[in-house]
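Structure first, then comments.
The values are calculated or read from the model by the stated rules, or taken from the named source; none is laboratory data. Predicted model, so just to flag it, every value in this text is computed and none were measured. Positions of Cβ are generated from backbone atoms using ideal geometry, with glycine treated the same way; all protein chains shown enter the neighbour counts. Surface areas here come from the heavy atoms of the whole protein model, side chains and all, with no ligands, DNA or RNA. Shrake-Rupley method; radii C 1.70, N 1.55, O 1.52, S 1.80 Å.
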Amino acid sequence: MALIIAQTFHAASFGLYHAVALHLIDSLFHGTLRSRGQAVYAATSQGLGGALGALVAGLTWTIGGAFLSYMLSSVAVVLAMLVAWWSFRKLRV
């Protein structure tokens, strides 16, 4: 039951993230540049980000096990939140 609840929240949070990201791209890129903005978003968030994340997770899991891997992931999330907060407080969308 806990897994069903966790997956439901995961699906909702990803859907919200994706919708907000596309809205941001729509507001930052105008006209014919919208498709380029979406391409950059897809390449960096799902292509490059997924590849680098898998590589780092595999290396940290091999070196320090699950604890190191999850702790490094937690640090990355906190850093990403701080960067997003700092970047978006200047942005008026």
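Among the residues of the stretch 26-42, is there at least one that is touching a Phe, Trp or Tyr at 6+ places or on another chain (Cβ under 8 Å), in a helix (DSSP H, G or I) and either free of Cβ contacts under 8 Å to residues at least 12 places away in the same chain or closer than 26 Å to residue 68 by Cα (or both)? Yes, because at least one residue in the stretch 26-42 is touching a Phe, Trp or Tyr at 6+ places or on another chain (Cβ under 8 Å), in a helix (DSSP H, G or I) and either free of Cβ contacts under 8 Å to residues at least 12 places away in the same chain or closer than 26 Å to residue 68 by Cα (or both).
Figure legend. Inter-residue proximity from the stretch 68-92: first residues part of a helix (DSSP H, G or I), second residues of a type outside the set (Gly, Ala, Ser), beta-carbon distance below 8 Å, spacing 6+ or different chains. Indicated pairs: 68/60; 68/61; 69/60; 69/61; 72/56; 72/60.
Among residues of the stretch 43-66 that are more than 15 Å from residue 80 (Cβ to Cβ), those with a Cβ under 7 angstrom from a residue that is open to solvent by 60 Å² or more (accessible area, probe 1.4 Å) and modelled with pLDDT of 85 or more, sequence gap 6+ or separate chain, pair up as 60/68; 60/72. Just one of the listed residues (83, 75, 56) is open to solvent by 60 Å² or more (accessible area, probe 1.4 Å), within 29 Å of residue 23 (Cα to Cα) and modelled with pLDDT of 90 or more, namely 75. Filter the stretch 21-37 for residues that are open to solvent by less than 60 Å² (accessible area, probe 1.4 Å) and small (Gly, Ala, Ser); which is farthest from the chain's Cα centre (by Cα)? Among those that are open to solvent by less than 60 Å² (accessible area, probe 1.4 Å) and small (Gly, Ala, Ser), it is 31.
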